[in-house]
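Coordinate-derived values only; no laboratory data. These numbers were taken from a predicted model, which means no experiment stands behind them. Reconstructed Cβ throughout: ideal geometry from the backbone, glycine too, with neighbour counts over all protein chains shown.
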Amino acid sequence: MWKKAAREVTKKERTESNDVGKLRSRIMRAVGSKATSCERTVRDYLRPLGVRMRYNVASLPGKPDIVIPSLRFAIFVHGCFWHGHGCRRGARIPKTNAAYWTAKIARNRARDRRNAAALRRAGWSVVSIWECDSGRVRERKLKALRE
Ligand SMILES: [Zn+2]
């Protein structure tokens, strides 16, 4: 009897955690695509400069999203959630497994800092664009690059 109950509970839990997992991955996908569209905007903004850009450069620390080798510019487009931005979106930690997410995001932030420091030491200018940056903020950051 208890075996059957146990089986049912496990099944129920499995279904529930599966639903949560599905929901979570749906949210993560949405978050990810938001950052991707932001990245596209940044590329479009830089394109008229006529400089050669490279994307997702794995040979540099942190695999910068956009790199302008001739100017030694490395640009990161950060999703606020994954990279722990201080904005409202960045502060939203899922209630389930909150400790896990807090630790994970802290690790991401530490890694971001290390990568940016390594790039700067190697003579790169590093710019971080946040997903939540308004068009104006984004433009200001990128303008600083152009000058
Ligand atoms: Zn943000």
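Taking the Cα-to-Cβ direction at Ala98 and at Ser134 and moving 7 Å from each Cα, how far apart do the two end points lie in nm?
A separation of 3.1 nm, rounded to one decimal place.
May I ask you to list the residues of segment 36-64 whose amide nitrogen lies under 13 Å from a point 7 Å from Cα along the Cα→beta-carbon direction of Asn108?
36
Which three lengths, in whole Å and largest first, does segment 79-131 cover when its Cα atoms are put on their principal axes?
41, 19, 11
In the calculated pair distance distribution of segment 33-146, what percentage of Cα-Cα distances lie above 19 Å?
47 percent
Kindly write out, for segment 117-133 in residue order, the coupling ³J(HN,Hα) from the Karplus curve 6.51 cos²θ - 1.76 cosθ + 1.60 (θ = phi - 60°), rounded to whole Hz, with x marking Gly and Pro.
5, 5, 5, 4, 4, 8, x, 8, 8, 10, 10, 10, 9, 9, 3, 8, 4
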